[in-house]
Amino acid sequence: MKKFLAVLVLSAVSSLMAADGMAIYNGKCKSCHGDNASKPALNKSQVIKGWDEAKIIASINGYKNGQGGPMKATMLGIVKPMSDEDVKAVAATIAAFK
Ligand code: HEC
């Protein structure tokens, strides 16, 4: 019974929270930023786990606008095709990582 409830709660939570964001993270970000965004991407970026949603969105939009650090071209290629909704969804997902 307990287990059944836990499954119910989990599936309710994941359908409420940006499910797309998780798919985007796993598909487009995880290979460099690691599980739960806990790694410096390519050993170069800051660890973005713990960043809030607004900070992540601002950073991604910065890359879209040609700002960033020495490896900004890497990020530009990834975030350029993403819509504002994609960016918001993935930022919310990352900000929620524990
Ligand atoms: C090919 C590897 C790679 C992938 C895939 C990748 N990143 Fe990055 N990311 C980097 C690198 C390298 C940097 C540091 C760039 C720089 O010099 O500014 C970075 C920086 C960042 C930063 C800013 C951190 C800082 O150091 O200022 C954010 C936020 C970020 N990435 C989010 C994402 C998100 C969200 C995705 C998926 C949509 C993603 N990244 C996919 C390599 C990657």
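No value in this document is a laboratory result; all are computed from the given coordinates. Just so we're clear, the structure is a prediction, and the values are computed from it rather than from any experiment. Here Cβ is always computed from backbone atoms with ideal geometry, including for glycine, and neighbour counts include all displayed protein chains.
Per-residue extension of 0.36 nm, minus the Cα-Cα distance of M71 and D84, leaves a gain of 2.5 nm for this segment.
Taking 0.36 nm per residue of separation and subtracting the current Cα-Cα distance, fully stretching the chain between K55 and N26 would add 8.5 nm. Rounded to the nearest 20, the size of the Cβ-charge dipole of the stretch 18-95 about its Cα centre is 360 debye, with Lys and Arg at +1 and Asp and Glu at -1.
In terms of its alpha-carbon gyration tensor, the stretch 18-95 comes out rounded; the largest-to-smallest axis ratio a/c stays below the 1.5 threshold. Can you compute the label reach from L42? Point 7 Å from Cα along the Cβ direction, backbone N cut-off under 14 Å, restricted to the stretch 51-74. Output list for this probe position: 68-74.
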